[in-house]
Every structure is written in structure tokens, then in C-alpha cells.
Amino acid sequence: MGGSILGERVLRKEDPKFLTTGGKYVDDLLDEPKLAGALHVTYARSTVAHGKILSIDTSEAASMPGVVAVFTAADLGLQPVPSSFNPMATRTLLASDKVRYVGEPIAAIVSTTREQGEDAAETVYADFDVLPAYTDVMSAMAPGATLIYDACGSNVVFDTTVLGLPENTGDDFFKGCEVVARGMFTNQRVAPCPLEVRGSAVAWVDGRLHQWISTQHAQGALAPIAGANGVDPSQVRILTPDVGGGFGAKIGAYPEEVLLGVISSKVGKPLRWRETRSESMVALGHGRAQVQQVTIGGTRDGKVTHYQLHAFQDSGAWVDMGTILAPFMTRPMSSGVYAIPNIECRTTSVVTNTTPTVAYRGAGRPEATAAVERAMDLFALELGMDAAEVRRKNLIPKFSEPHTTVVGQTYDVGNYEESLNRVLAAADYAGWRRKQADRRKSGDARQIGVGVSVYVEITGGIGNGEQAKIEVLEDGRALVYTGTSPHGQGHATSWAMLASERTGIPMDRIELVWGDTDLTPVGSGTMGSRSLQQGGNAVWSVAGTLVEKAKKVAARLLEANEADVVLDTDRGAFHVAGTPAVARTWAELAAAEKGNGGLSHDEFIGVPGATFPFGAHVAVVEVDTETGKVTHIAHTACDDAGKVLNPLLLEGQIHGGVAQGAAQALLEEVLYDADGNPTTSNLADYGFISAAELPSVTVVHMETPTPVNLIGAKGIGESGTIGSTPALQSAVVDAVSHLGVRHIEMPCTPQRVWAAIAAAGN
């Protein structure tokens, strides 16, 4: 007997291709017949952060070598499009009345080569009546601030009070608390920086639009693209080739992608578009960008009784996904893993003259964790108690039935103290504390800091299930169709493992089909760590049903009673129980069903709700108190994602998450000057982490299966990021807390660390 493949460290099926011939991305579609003779689109972009457009002169660009056409919003007849989250905010896909951030597209150039288009874009001249630019929420909210969207009447475009939720009561909320700590934290704006920048290509064929996009959600692009082109969604086919990373920023269709079909119909040619890295840094949506006003109170023995959070979300220059991160993602998770009896949480979303914010690895949940974990650290400092012990005192006790928090979020299962215990033991927390004490006693310039975080997050909250189809071919191969979309997570391996486990078809005979709306018209894409618990769950269920279908066919071929037919998964063959010598293979069954439409099963498999993975991280840093330099020397992570399908993939996700979390804590920050010009618009100026800045990550395994889906899995794609960032920030502060430092804003750069030490010394 071969045994189950589930839970084994199965090597990724995808990797041989990526490591040899390489993936095939949008920009690699050079042999696609439909794109023969394709021209290139380049977008001219605003160089002003905020201003009224007086005129756009494209005459010089139109006369440049190789330029076929130049279009403005007026040329294309573009009409204002209202925001889904605040209909008073409207914009045209090419700016027409105002520009609201540097990098906003104002004109489209069509040229024979990409280089010709880039040269022509430099000659597009726009005349602006420049308006004040606001690059942070507080200045945008200030009395008398110029409105970014006039019709909104305010730069505050969403507030939880609009939902009928109460305002925070301020200091009165903390009457009776023996200890109160306060802080104002910035969860800074970061750039997602996927390895593959955005790209798209279009071709009209027989009145139907075929569009290739580097996206996390092919099916989600259908409606906006069809709407922009004035056709029914059935007249649009979205295709997703290999995608070189997304991290949430590639969920939606951007104006540059939506307009390609419109422009193609004007010039009568297929088109290609690919942004440069500098364009990606200013026009691909940014993440985080939240200011957090936090107050925490409780008793002198370490019990937290009151917690108050007011999160100010920077929406950037558009009212879209970024606007709703705080109210619908941060607020529900504001209590984290803690049994705090009294919580107030208000969120305020504000437009600014910066790149629009979007979902970014964790999307509002890392911000919630960062706020409450920083608050716990401040509370521990006020008490002079160990940070881990303060957390332990306040954790929600183990529960196996749904638990509803004070803010109304219901968690599925949880054992938070166990994850804390495991990570502290694996990290040798006590040992590091002893080393820290020795360094402090000796007065060493290089001090050790130890940071702890405990978190819970919501995953699989998008969509209520997923579509899957499995088709067995006459040669015995199986095609697995999924509504999720891989961009590095290992779907081809995971889905093959699930299908193979149930059918007995070898993994190397199972192929994954995704990202083609003609073949997979239903799908909610890949985001919010939903893939395995919804997409994988669907594959598991559909594979089981397909086996039952196949038994009916096998019974007919074997001239046996269906109830007597069994599947030998070790050899992928059906036989009558007790007589394995006479059997029928999957290939034989598929051939027999050729005249009946083939052997397949297609079904949407629902799930009743989200899941709530949790865990704990310990980060250790060394801080040079003379220079402020931080060295990340050790990291231990315990991330409980329920039933583990493949530990290798799980560890890869955790490692990647820790890397991104560490980058935010120590290096990454999008910056603007006083006029709203980005000063970090390339990878020379933007802090970018490498292996040299990271220690080896110790992964501590823990499994608490969820009852929410058939396979007991929870999400893991974002967890490492959520746990690592506050642990690292806390470690940096902890390293110099004995010098009087209470807080250091992220990223904890040498300059900030040195300045905090100097200020505390004064």
C-alpha cells in the first residue's frame, strides 16, 4: 500500500519549468497568432500631484517616429466612472478634469515599438492649474483643505460612523483603569513590487475581445472590461498566463488594462502594454498606509480591560479597495487574540494625492495586529512586565466551538496559548533574555532585542466557495480546472495532490487549467488566502464525486453491481471487491464514455464561512546603539493553518511572508516630497530586502483543523507577514528600551533608531 500523499513534503510540479525554460508571462506572448502585428501602448502620466487640467497638447507626440495614434479622454469619449464605495467620487479612466497623483494616466500613445511610445510620452505637455497636494491623512483632513473630489464635500470618504457604529468616547472610556498607555503609530505606505510588473495584450477576433492580463482574478476583470468596451461579458475572453507575483495589488483591473480594448478598436490592430518598473512603483496600487491612534488600559497585575483604536486609512487618490481596508478588515480583527472585555474601534478613510491603495498581503489584518501588538508592548513597558507574559495573561482561552469577540467577529477554532508556548520554547526565549541581560550589564554597544507577537487573521472571507472541474482524458491523464489562479503558491502541486489522493491518478498525469474565462467562467480568484480552503476544497469534493461517477461506468464494463466496485488508488484502477485481477483503468473508462460526453464532473462547492489561522512569532535583533544599525539575527514562527496539505509549500509561504514582514519593519517606505512627488520611485531609492538581511527562519508546526471546509485547511499565504512585522518592530524597540526608548516608527532604519536613542538620552 502506498499510503496517503497528503501531508507529505512533495516537490513542486511547477519548478522544473520555471528553473529551465522559464514561465510564459504576458510579455512573452510573441508567438500568439491573435497578436500578430500588435502595436504597443504607452501611457503618458501626470507629473503633478494635484491640479486642474487646462489643456493636454499631444501634437508633438503624434508627429514622433513610429507613432500611430495618440488619445486623450476626450478623444476616446470617456465618461466619469463612479466609485463603488462612494458614488460621489468619480473619475475618467484617463484623467480629464483633474489629476490627483503623480503617475495618473492622462493620454495613451500607440506606436510601432515600445521604445517609440516611451519617447513620445515624454513630449505630451499638460498645462495645469496646480492645487495643494496632500500626502498624508492628517493634512488632507485639516480644516480648509482643498477637496480632492469636489462632490464628496470632504476628503473623508468613508467612516464607520456612516455604518451606524459609534464614535470612540475618548479618555472617559478608561476611567477606573489603573494603568493607561497611549500611542500614535504609522503603518507606513509600501509598494508591492511584484517581480513581474503589470502587462496586458488585446486582440479583437470576429467581434470578440481576447485579453491577456497579469492578474490574480481573471473572472473579476470581465465586467469592467466588457463595460468599458460596451459589450456583453460573453463577448470578452480573459486569459491569464503565468503571473510573476501579485501580493494583492493585481486583484482588480486597472485603467491601463481596461482601456486597451477600447484603443484597439480605434486603431484596428492588436495591442500590447507593459509598464516599466518606475511606472509600477507609482501606478500599481500601494499597500498599508494607515495611521493608528491607540489607547490601552487595565490593571497593575497585567490584565487588559480596555482598548481603543482609531484607524485613519489613507485611500490614496481613488475611493476603491484601499478605502474599505480599515472598516471591513482592520476593525473586525481589532481585538486580535485577546479577551479584552471593552473595545472601541472607529475607522476613517481619507483620500490623498498619492497612488491609490489596494489590498496588499494581509489587507487590513496586519494593520489590526500591528496596532494591538504595539499596544500590548506599551502596556507591558508601563507595568515593567515581560511582554510575553502580558500577552499570555490576556489570551482568549482555547476553544473548539465558534468564539465571538467583543467587536462581533466570530472565530472558528483557536489555541493561542499553545502557539505562544511552542514558539517561545523553540526560540529559546528565556535564553535570549539572559543574553540580553548580559549585554545590558556589560554596556555593550551592540544590544539584543527580543520581540513577540501573537496574532489571528481572517482568511477565505472572499467568495462563498469555488468552482472546480476534473476531466479524465482517453490517455488516462486528468485535467483539473479551477477558479483560483496561481502566481507562485504551488497550485499545480496542491491540486494535483488532492486529485491524485482521491482518484489514484499519478500526480505527473494531472494538469491544472486556470485563468481562461472560456474554460473556467466561474471563479473568485486568488486573494485573501482563499485558494486551498475554497479552490482546493472544491477539487477534493469534485474528485470524490467523479470517483462515484466512474464506479457506475466501471460496473457496466465489469458487468458487476455498482455497490461491489472499488477503486484501488495505488494503481488507479477499478475492480470488483475481492477480485483485483480483473480491473478497468481510468483511461478505459474515459474511452468508454467518449460517446456520452466524456468522463468529467463540474461543480461549485460552497463553504459556510471564513477561517481564522493564528500563531506566534519571536524575532531577535542586534542593534548597534552607536549607529542605529539593526541586524535581524533570529526568527521563529509558529503559524497554525489548520490541516497541512504539503509542509514544503507551507514553509515556503511562511518564509516569504516573514521576508515581506521584515522588509516592512526594517526597510520599506514609500515617500513623497512636499509637492506630492514620489521620491522612492525606483529600486535604487526604495528599500528592498534580500537574503543578506534575513536570518534562517525556524518554522514550528502546529495544526488545528477547521470544521469550515472538507479538508480542514485554513489560509497560510499572509500569516507570516502578519506575525513577523510587529515582532520585529517590538524587538528593535526592546533592544533600546532600557535607554528610555518607548517607540520607533517603521521602518526602523538606522537613522530612526539612532534618533530615538538620542532623544531618549536628552
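With respect to (1) crowded, with 24+ Cβ neighbours inside 10 Å; (2) free of Cβ contacts under 8 Å to residues at least 60 places away in the same chain, the lone exception for Ile716 is condition (2). Here region 515-540 is the region considered, the condition is being among the polar types (S, T, N, Q) and within 19 Å of Thr493 (Cβ to Cβ), and the residue that is surrounded by the most Cβ atoms within 10 Å (Cβ to Cβ) is Gln534. The set of residues in region 193-234 being assigned to a loop (DSSP other than H, G, I, E, B) and touching a strand residue (DSSP E or B) at 6+ places or on another chain (Cβ under 6 Å) consists of Ser214, Ala218. Taking region 312-431 and the helices (runs of 4 or more DSSP H) fully enclosed by it, the elements with 1 or more residues that are hydrophobic (A, V, I, L, M, F, W, C), in contact with a helix residue (DSSP H, G or I) (Cβ under 6 Å, 6 or more places away or on another chain) and under 26 Å from Asn155 (Cα atoms) are at 365-383. With the condition kept exactly as written, say whether any residue in region 500-509 is surrounded by fewer than 19 Cβ atoms within 10 Å (Cβ to Cβ) and basic (Lys, Arg). The answer is no, given that none of the residues of region 500-509 is surrounded by fewer than 19 Cβ atoms within 10 Å (Cβ to Cβ) and basic (Lys, Arg). Per the listing Lys269, Lys250, the residue uniquely within 20 Å of Ala73 (Cα to Cα) and either modelled with pLDDT under 95 or not acidic (Asp, Glu) (or both) is Lys269. Among the residues of region 670-729, the ones that are under 23 Å from the mean Cα position of the chain (by Cα), of a type in the set (Gly, Ala, Ser) and outside any loop (DSSP other than H, G, I, E, B) come to 7 in all. Exactly one residue among Thr135, Thr123, Thr146 is in a loop (DSSP other than H, G, I, E, B) and touching a Pro at 6+ places or on another chain (Cβ under 6 Å), and that residue is Thr146. Just one of (1) surrounded by 19 or more Cβ atoms within 10 Å (Cβ to Cβ); (2) assigned to a strand (DSSP E or B); (3) more than 27 Å from the chain's Cα centre (by Cα) fails for Gln116. It is (2).
Across region 280-301, the number of residues qualifying as more than 22 Å from Phe158 (Cα to Cα) and buried (at least 21 other Cβ atoms within 10 Å of the Cβ) comes to 9. Note on region 459-509: residues that are more than 19 Å from Ser541 (Cβ to Cβ), in contact with a Ser or Thr (Cβ under 9 Å, 6 or more places away or on another chain) and basic (Lys, Arg) amount to 1.
Out of Val137, Val197, Val162, one residue alone is loosely packed, with under 15 Cβ neighbours inside 10 Å and under 28 Å from the mean Cα position of the chain (by Cα). It is Val162.
Scan Thr611, Thr585, Thr636, Thr569 and give me the residue that is surrounded by 20 or more Cβ atoms within 10 Å (Cβ to Cβ) and more than 30 Å from Arg440 (Cβ to Cβ).
None of the other options fit; the residue is Thr611.
Filter region 170-192 down to residues that are modelled with pLDDT of 95 or more and part of a loop (DSSP other than H, G, I, E, B) and give me whichever is surrounded by the fewest Cβ atoms within 10 Å (Cβ to Cβ). Only one residue tops the list, namely Lys175. In region 253-310, which residues are within 24 Å of the chain's Cα centre (by Cα) and assigned to a helix (DSSP H, G or I)? Across region 253-310, the qualifying residues are Pro255, Glu256, Glu257, Val258, Arg277, Ser278, Glu279, Ser280, Met281, Val282, Ala283.
Taking the stated definitions as given, is Ser453 touching a residue at least 40 places away in the same chain (Cβ under 8 Å) and either closer than 30 Å to Ala727 by Cα or in a loop (DSSP other than H, G, I, E, B) (or both)?
yes
The number of residues in region 85-113 that are part of a loop (DSSP other than H, G, I, E, B) and in contact (Cβ under 8 Å) with a residue 24 or more places away in the chain comes to 16. Lys250 meets the conditions (1) touching a helix residue (DSSP H, G or I) at 6+ places or on another chain (Cβ under 6 Å); (2) closer than 25 Å to Pro356 by Cα; (3) not aromatic (Phe, Trp, Tyr) in every case but one. The failed one is (1).
Of everything in region 120-133 that is under 35 Å from the mean Cα position of the chain (by Cα) and surrounded by fewer than 18 Cβ atoms within 10 Å (Cβ to Cβ), the residue that is nearest to Val351 (Cα to Cα) is Pro132.
Can Ile106 be described as at negative phi and buried (at least 22 other Cβ atoms within 10 Å of the Cβ)? Criteria met by Ile106. For the residues Arg272, Arg277, Arg288, Arg300, the requirement of being within 25 Å of Leu519 (Cβ to Cβ), of a type in the set (Lys, Arg) and in contact (Cβ under 8 Å) with a residue 40 or more places away in the chain singles out Arg272. You will find that of Val732, Val699, the residue that is of a type in the set (A, V, I, L, M), buried (at least 24 other Cβ atoms within 10 Å of the Cβ) and not assigned by TED's automatic domain parsing to the domain that holds Gln534 is Val732 and no other. Of His617, His601, His575, all but one fail to be crowded, with 19+ Cβ neighbours inside 10 Å, in the same structural domain as Arg392 (by TED's automatic domain parsing) and either touching a Lys or Arg at 6+ places or on another chain (Cβ under 7 Å) or at pLDDT 95 or above (or both); the exception is His617.
The values are calculated or read from the model by the stated rules, or taken from the named source; none is laboratory data. Here the structure is a predicted model, which is why all the values come from computation and not from measurement. Methodologically, a virtual Cβ is constructed for each residue, glycine included, from the backbone with ideal geometry; neighbour enumeration extends over all protein chains shown.
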